[in-house]
Amino acid sequence: MQKLKVLFLDREENGKFLPGVEQLLPLEVNLELFSEIDQPHSTEFFEKIRKLTAKKMIDLVVIGNNLGAGVKKAEAVAKKMRDRTIILWNRYTPGCPEEKHYRELGITRFASRSDLPKEILEMIKEDV
């Protein structure tokens, strides 16, 4: 069984993925979630993101764009983890204005929230 450690930085509370994401992944894939850290958007919050991603204590980062609020979270992700980061929109449209900011940071994976299981599976396949 493959275990993925995921830092999930989206608007869902209690560190839960959007409904159905875990159920849509193969049984061999087990997700261990690191949910949003206490005191979102505090200095400690961004420092915790930096530490977790700099030490590669996680395998994947998922950030909700949330009207551009995700850019600050993405900036806190260590450079070596940005290729393992997925930015989510309710409905992703390639070339949307916020995408430029993420691309400047070196993030190139974008998806609609409903496509998150597919994006995770593609990343797993790339690792094999």
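Of note:
- Of all residues in segment 71-97, those that are in contact (Cβ under 8 Å) with a residue 40 or more places away in the chain have Cβ atoms under 8 Å from Cβ atoms of residues that are surrounded by 17 or more Cβ atoms within 10 Å (Cβ to Cβ) and part of a loop (DSSP other than H, G, I, E, B), 6 or more apart or on another chain, in Leu88/Asp10; Leu88/Asn65.
- Pairs linking a residue in segment 102-128 that is within 17 Å of Ile58 (Cβ to Cβ) to a residue that is modelled with pLDDT under 85 and surrounded by fewer than 18 Cβ atoms within 10 Å (Cβ to Cβ), with Cβ atoms under 7 Å and 6 or more positions apart or on different chains, are Leu116/Leu18; Ile124/Gln2; Ile124/Val29.
- Residue ID - nearest to the chain's Cα centre (by Cα), chosen from residues in segment 92-111 that are surrounded by fewer than 15 Cβ atoms within 10 Å (Cβ to Cβ) and farther than 17 Å from Ala69 by Cβ: Thr108
- Every residue from segment 77-91 that is within 12 Å of the chain's Cα centre (by Cα) and outside any loop (DSSP other than H, G, I, E, B): Met81, Arg82, Asp83, Arg84, Thr85, Ile86, Ile87, Leu88, Trp89
- Verdict on Val62 being touching a Ser or Thr at 6+ places or on another chain (Cβ under 8 Å) and within 13 Å of Leu9 (Cβ to Cβ): yes
The values are calculated or read from the model by the stated rules, or taken from the named source; none is laboratory data. In this text, all values refer to a predicted model and were calculated from it rather than measured experimentally. Note that each Cβ is placed from the backbone with ideal geometry, even for glycine, and that neighbours are counted across all protein chains shown.
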